[in-house]
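> Questions regarding the structure given below will be posed in turn.
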Amino acid sequence: MKYTEEISNKLNELLIKNYDAEKGYLNAAENVDSPTLKIFFKRRASERSEFAKDLRTEILRYGEVPENSGSFKGTIHRNWMSLKSLFTSNDEEAILEEVIRGEEASLEEYNEILKDKTLPPSIDSLLIKQKNAIQASINTEKVHEELVS
């Protein structure tokens with residue numbers, strides 16, 4: 001496997017995660033009543049859309065083909081979030097728990113890829129920036145979770 005193909009494969013994994021996160025946030029926004037949470041989730045969806053756009057640009061820069069959609073696992077997770085919100089007494093708390101769980105999984109994926117010390121500096125910098133934004137989002141979501149519990 002060529003070096004550029006290997007990098008593109010790793011970036012495509014993150015690209016898929018970001019597609020899934022964007023759709024998950026939009027799904028979460030549809031399943032909460034709080035206007036504040038709706039806005040928060042829509043902003044996170046928009047942020048993840050930007051992450052995906054940046055990753056697609058990097059993949060194309062390496063002459064590889066970016067993925068076009070999310071994963072089956074992401075679809076299952078979103079369906080689980082919707083189903084769970086139907087059966088829990090505090091929908092917003094349950095949705096926030098699932099969103100946090102999904103974001104923590106994304107964070108692990110970023111950390112795993114960032115262990116590769118052969119990434120070009122521009123990609124390393126991009127991934128660190130995105131990882132830090134995800135961590136900030138998790139911290140904010142935990143505050144929201146405390147407020148609704």
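> Quick one: Karplus J couplings for the stretch 113-122, per residue in order, coefficients 6.51, -1.76, 1.60, θ = phi - 60°, nearest Hz, x for Gly and Pro?
For the stretch 113-122, the Karplus curve yields 5, 6, 5, 6, 7, 9, 5, x, x, 5 Hz.
> Please give the Cα centre distance for the stretch 90-108 versus the stretch 8-51, rounded to the nearest Å.
The stretch 90-108 and the stretch 8-51 have Cα centres spaced 12 Å from each other.
> Then there's this: Show me, for the stretch 102-112, the HN-Hα J-couplings you get by feeding each phi into the Karplus relation (A = 6.51, B = -1.76, C = 1.60, θ = phi - 60°), rounded to Hz, glycine and proline as x.
Result, rounded to whole Hz: x, 5, 5, 5, 4, 4, 4, 5, 4, 4, 5.
> Per residue of the stretch 50-59, in order, report the coupling 6.51 cos²θ - 1.76 cosθ + 1.60 (Karplus, θ = phi - 60°) as ³J(HN,Hα) in whole Hz, putting x for Gly and Pro.
Running phi through 6.51 cos²θ - 1.76 cosθ + 1.60 with θ = phi - 60° gives 5, 4, 4, 4, 5, 5, 4, 4, 5, 4 Hz.
Read-outs: derived from the displayed coordinates by stated rules, not from any lab. Since the structure is predicted, the reported quantities are computational estimates derived from the model, not experimental observations.
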